[in-house]
Amino acid sequence: MAQNTLIVSNWKMNLNLINSRKLISKLKILKIPKNIKNIVCPQYLLIPHISDLIKSSQIILGAQDCHFEEKGAFTGDSSILLIKEYGCKYVIIGHSERRQYHNEDNSEIKKKIKISIKNNIIPIVCVGESFLHRQNKSYLNFIYKQLDECIPKKMKQLVIAYEPIWAIGSGLTPTFDDITEVKESCKNFLNKTKKINDVKFLYGGSVNSRNFFEIKDKCKVDGALIGGASLLEKEITNVLKGDF
Ligand code: PGA
């Protein structure tokens, strides 16, 4: 049986009520292979709206973040319990933009992963190096540290998204060999240190309908986390209905 491929749309802080409805209406009528999971992650305020629109469709809802506590005095944050109530099945955790603009560190990310697992929401854990780490060849050690400090013990399955910070929104992508090296290294590391054998490995960073299929084919990744191109109907539909 064909392996599942996860296509995760990270809309970030984009799209309003009208243009998100337009995009969802196109995605809803798209015929896509059964093994493709079309996961859409809108900003918080859009979640109730999108949750309504995707009823009885193949689209799966995800969130872009969650707090590490279920409730409490955390002004401006949103709870995993509400994310669950609105039917989200996935949550992106540890995106480099959260790490950069909200000072999230590995220990906070670990708590977020724990609370999402407790609530049966699958975390998509983001890791990835800066350009400097890539240049001075410390990228693998940097990613190992992220995995070591973020991933809780006793996880059986894991979805990770490798997103080199320098590739996000830049139009640059690593070579196929680079992506494959990080994929194999992460899987070995997680197997050895955390005893996790079932790892889904996504690639993210300037993915579009022109480069995705080659990345998928050459690097044997399990899917992609897509930012900018996920906002464009033609781009995302071409990825979703593509030749898997
Ligand atoms: P991008 O963003 O596809 O626009 O590079 C990816 C991401 O940040 O998840």
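Against the empirical curve 2.2 N^0.38 Å, the C-alpha radius of gyration of region 148-244 lands at a ratio of 1.13.
Find, among the trypsin sites (Lys or Arg not before Pro) in region 144-212, those assigned to loop by DSSP (not H, G, I, E, B) with at most 10 other beta-carbon atoms within 10 angstrom. If you can, show how the numbers build up before the last one.
Numbers: sites: Lys145, Lys153, Lys154, Lys156, Lys183, Lys187, Lys192, Lys194, Lys195, Lys200, Arg210; in loops: Lys153, Lys154, Lys156, Lys195, Arg210.
Counting only loop positions with at most 10 other Cβ atoms within 10 Å, the trypsin sites (Lys or Arg not before Pro) in region 144-212 are Lys153, Lys154, Lys156.
For the chain, adding -39500 (n - 2.57) for each run of n ≥ 4 DSSP H residues and dividing by the number of residues yields -11500 deg cm²/dmol at 222 nm.
Counting only protein heavy atoms and a 1.4 Å probe, the chain has 51 square angstrom of accessible area per residue. Counting protein heavy atoms only, region 5-240 has 53 percent of its accessible area on carbon and sulfur, 1.4 angstrom probe.
Rg ratio for the chain: its Cα radius of gyration over 2.2 N^0.38 Å, N being its residue count, equals 0.95.
Straightening the chain between Glu184 and Asp105 buys 26.0 nm, computed as 0.36 nm per residue apart minus the Cα-Cα spacing. With R₀ set to 25 Å, the beta-carbon distance separating Leu140 from Asn35 gives a calculated FRET efficiency near 0.25.
Taking Lys and Arg as +1 and Asp and Glu as -1, the other residues whose beta-carbon sits under 13 Å from that of Ser138 total +2.
The values are calculated or read from the model by the stated rules, or taken from the named source; none is laboratory data. Given the structure is predicted, the values throughout are model-derived calculations rather than measurements. Cβ sites come from the backbone with ideal geometry, for glycine too, and all protein chains shown count toward neighbours. Surface areas here come from the heavy atoms of the whole protein model, side chains and all, with no ligands, DNA or RNA. Shrake-Rupley method; radii C 1.70, N 1.55, O 1.52, S 1.80 Å.
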